Amino acid sequence: MYIRIMIRAGSRYDEKSGAAHFLEHMLCAGTKKFPSKDLIAEYIENIGGMFSLSTDNEFIRINVEVAEEKDLPAAITVIDEMINNPLFDSKTLETERGSILSEYTGKKANQKEFVWVVYRRLFFQKTDMEKITLGTPDSIKSISAKDLISFKEKYFRRENIKVISAGDIDIEKIANELEKVFPNFVEQKKKTRPRLPIFRDKDFDIEIYPSRQASIFVGFRTNLMTLKDQICADICANYLGDGRSSLLNNELRYKRGLVYSTFSFMQNHEDCGAFGVRTDCEVEKYKDVISTIDLVLENFKKEGISLDKLSNVKSKIIKSSIIKLQTSENLVSRSDRIAAAFNEQSIDSYLSRLKEITAKDIKTYIDNNLKDEWHYTAVCGPKSIVK
């Protein structure tokens, strides 16, 4: 059994930069029943289970995995302790602060990692989605236990919580057990979030690194409105950059030898999205890489996808899903990104709708989303790189 608690309390809600991520650390750093992280780890690992936590722009995620139905009480105990009984003691707070500062230093030192930060601050400029999840060294140093408790009380509410689970157990049993975890949470009617505006005060951004390599994002802001849009975006990304046979891999690597690897990406949220290409190259090849990507994207925007190619991509997605969806964890993870943007949807509904998508649907998605006025380029590399 794999259970994921998704709490809509990610970094876009930070009042102090990095607060959501810092809170994630503290949720498992010590609770009333398990005063230290090693005790909570020992408790779940002794029955072959595990837990993990993560934070992104939108959610704090708590994941717990156990082997058998009889182990469900242990999983619920771990979730309950993290959500309802974190200690926030001063010594642990300072230990975790040091860990987070080290995490920031490691990410900042690695341009292939930090280009994700540049991508976000450019593509989502002037909106709450541009916030860096880790925060900054100054903000991390300023966050107090009071800040974290206040943040938790504000956003850990019933309407902000999604639960996804998979495994050999009736979902209603898990739901009933989790009701014991959330009984005192204030429940308010969920508000429909308006579409996040698209700003383009600049369409190019770079973080300078003394490097001979360029780490690159080229892409578009998008407005995913429906699950159908999500599926069309996935088909486009798969066709352009997923696997050795993709258009971009063929053009950039096999024909021109400009890069070692490349992939298309798409991100979807309830009120916004992004679509594009991610790759790395030597600085001397940067202009050729950018011009090749732009050429491939322009041709794709004009021509769309043929019927036979569309059929192949659909088959690829469906067949690869059969391979990938062999564990409860994978089932949850694949449903996660769908549920994050579209309520009451799952990987099953996704695969069912996938079969219905037409070449006309793909062209409509392209025309509505891959627009020149929503185009951006984010880079990490030396200052010799210019727009």
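FYI, it's all coordinate maths here, none of it is from the lab. For clarity, every value in this text was computed on a predicted model and none was experimentally measured. As a convention, Cβ positions derive from the backbone with ideal geometry for all residues, glycine included, and neighbour counts pool all protein chains shown.
Fewest first, what order do Met6, Met50, Met82 take by the number of other Cβ atoms within 10 Å? Could the numbers behind the result be given before it?
Numbers: Met6 21, Met50 14, Met82 24.
With the fewest neighbours first, Met6, Met50, Met82 line up as Met50, Met6, Met82.
Over segment 204-381, what per residue volume does the convex hull of the Cα atoms give, in whole Å³?
Each residue corresponds to 126 Å³ of Cα convex hull volume.
Near Lys32, which lysines are there with a Cα under 20 Å away, not counting those fewer than 8 places off in the same chain?
Cα-Cα hits under 20 Å: Lys91, Lys146, Lys152, Lys180.
Taking the chain as a Gaussian network, where each spring joins two C-alpha atoms under 10 Å apart, which residue of Tyr286, Tyr260, Tyr104 fluctuates the most?
In this elastic network of the chain, the residue with the biggest mean-square fluctuation among Tyr286, Tyr260, Tyr104 is Tyr260.
Any chance you could run the full-extension gain for Arg158 through Lys173? It's 0.36 nm times the residue separation minus the Cα-Cα distance, nm to one decimal.
That pair, Arg158 and Lys173, stretches by 3.6 nm at full extension.
Taking every DSSP beta bridge with both residues inside segment 204-381, roughly what % is antiparallel (nearest 5)?
For segment 204-381, the DSSP antiparallel bridge percentage is about 80.
When the chain is treated as a GNM, springs tying every alpha-carbon pair under 10 Å, which of Val277, Val332, Val296 comes out with the largest mean-square fluctuation?
Highest fluctuation of the listed residues: Val296.
Any idea how far apart Thr327 and Ile149 come out in nm if each label point goes 7 Å out from Cα toward Cβ?
If labels sit at Thr327 and Ile149, their model points lie 3.8 nm apart.
Once you keep just the Cα pairs under 8 angstrom separated by 6 or more residues, what percentage relative contact order results for the chain?
Across the chain, relative contact order equals 21 percent.
Reachable lysines from Lys287, Cα under 25 Å, same-chain residues fewer than 8 places away excluded?
Lys108, Lys112, Lys202, Lys255, Lys301, Lys302, Lys371, Lys383, Lys387
Ordered by residue, what ³J(HN,Hα) values in Hz, to whole numbers, does segment 243-249 give under the Karplus form 6.51 cos²θ - 1.76 cosθ + 1.60, where θ = phi - 60° and Gly and Pro are x?
So the J values, rounded to whole Hz, are x, 5, 8, 5, 4, 5, 4.
Starting from the Kirkwood radius over alpha-carbon pairs of segment 103-188, derive D by Stokes-Einstein at 20 °C in a medium of 1.002 mPa s and give it in µm² s⁻¹.
Result for D is 129 µm²/s.
How much of the pair distance distribution for segment 2-179 lies past 19 Å, counting alpha-carbon pairs only, in percent?
Pairs farther apart than 19 Å: 59 percent.
For segment 116-190, which GluC sites (Glu not before Pro) pass both filters: DSSP loop (anything but H, G, I, E, B) and at most 12 other C-beta atoms within 10 Å?
Glu187
For Asn368 and Asn312, calculate 0.36 nm times their separation in residues minus their Cα-Cα distance, and state this gained length in nm to one decimal.
The span from Asn368 to Asn312 would gain 17.8 nm if fully extended.
Report, for the chain, the % of DSSP beta bridges that are antiparallel, rounded to 5.
90
Using a 7 Å offset from the Cα along the Cα-to-Cβ direction at both Glu103 and Lys141, what is the distance between the two label points in nm, to one decimal?
Here the answer is 1.9 nm between the modelled labels.
Springs between alpha-carbon pairs under 10 angstrom, Gaussian network model over the chain: which of Asn299, Asn369, Asn63 fluctuates most?
Taking springs between Cα atoms under 10 Å, the residue moving most is Asn299.
Which trypsin sites (Lys or Arg not before Pro) in segment 1-34 pass both tests, a DSSP loop state and at most 13 other beta-carbon atoms within 10 Å? Don't jump to the answer; show the numbers that get you there.
Values: sites: Arg4, Arg8, Arg12, Lys16, Lys32, Lys33; in loops: Arg8, Lys16, Lys32, Lys33.
Here the sparse-neighbourhood loop sites are Lys32, Lys33.
Where does the chain land at 222 nm, in deg cm²/dmol rounded to the nearest 500, when only DSSP H runs of n ≥ 4 count, each adding -39500 (n - 2.57), divided by all residues?
Only helices count here, giving -14000 deg cm²/dmol.
Please report the relative contact order for segment 2-179, taking Cα pairs under 8 Å with a sequence separation of at least 6, and give it as a percent rounded to a whole number.
36
Given C-alpha coordinates of segment 174-236, what is the ratio Rg to Rh with the Kirkwood estimate of Rh?
On the way: Rg = 20.8 Å, Rh = 17.5 Å.
Ratio of gyration radius to Kirkwood radius for segment 174-236: 1.19.
Treating only the Cα positions of the chain as identical point scatterers, give the base-10 log of I(q)/I(0) from the Debye formula at each q in 0.06, 0.07, 0.09 Å⁻¹.
Taken in order of the listed q values, log10 I(q)/I(0) reads -0.26, -0.35, -0.59.
What is the spin-label model distance, in nm, from Lys126 to Lys91 if the labels are put 7 Å beyond Cα along the C-beta direction?
5.0
So what's the angle, to the nearest 10 degrees on a 0 to 90 scale, between helix 227-241 and the longest Cα principal axis of the chain?
Helix 227-241 sits at roughly 60 degrees to that axis.
What aspartates and glutamates could a cross-link reach from Lys107, if we take a straight Cα to Cα line under 19 Å and drop same-chain neighbours fewer than 8 places away?
Excluding near neighbours in sequence, the set is Glu24, Asp56, Glu96, Glu130, Asp138, Asp205, Glu207, Asp280.
Determine ³J(HN,Hα), in whole Hz, for all residues of segment 202-210 in sequence, where each value follows from phi through the Karplus function 6.51 cos²θ - 1.76 cosθ + 1.60 and θ = phi - 60°; x replaces Gly and Pro.
9, 10, 9, 8, 9, 9, 7, 10, x
On alpha-carbon atoms, Rg over Rh for segment 64-107 using Kirkwood Rh?
That ratio equals 1.19.
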